[in-house]
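Take a look at the structure set out below.
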């Protein structure tokens, strides 16, 4: 029982730091800070265009950029792939 947190690989964009949490072995949450995939009570899958964009971004990003994206996601729950859309 209790809370457990670990990282896994995103099934959509392949990001290696998908954040996964489990509460009392009943409730599981997963969120990808890059493509926006989420698994809560309802699954939210990113569209194919966002998945491809996320894969391309991951190839271009350095470790510091990835860490910054993870921190931003933890603060406001907006995945990296949706950030340019929000700025326009």
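Here are some notes:
- Of all residues in the stretch 61-79 being surrounded by fewer than 13 Cβ atoms within 10 Å (Cβ to Cβ) and touching a residue at least 12 places away in the same chain (Cβ under 8 Å), the one that is nearest to residue 19 (Cα to Cα): 74
- Some residue of the stretch 24-32 being assigned to a strand (DSSP E or B) and surrounded by 15 or more Cβ atoms within 10 Å (Cβ to Cβ): yes
Since every read-out is calculated from the coordinates, none of them should be taken as a lab result. This one's a predicted model, so the numbers in the text were calculated from it and none came from an experiment. Please note: Cβ atoms are built from the backbone with ideal geometry, for glycine as well, and neighbour counts cover all protein chains shown.
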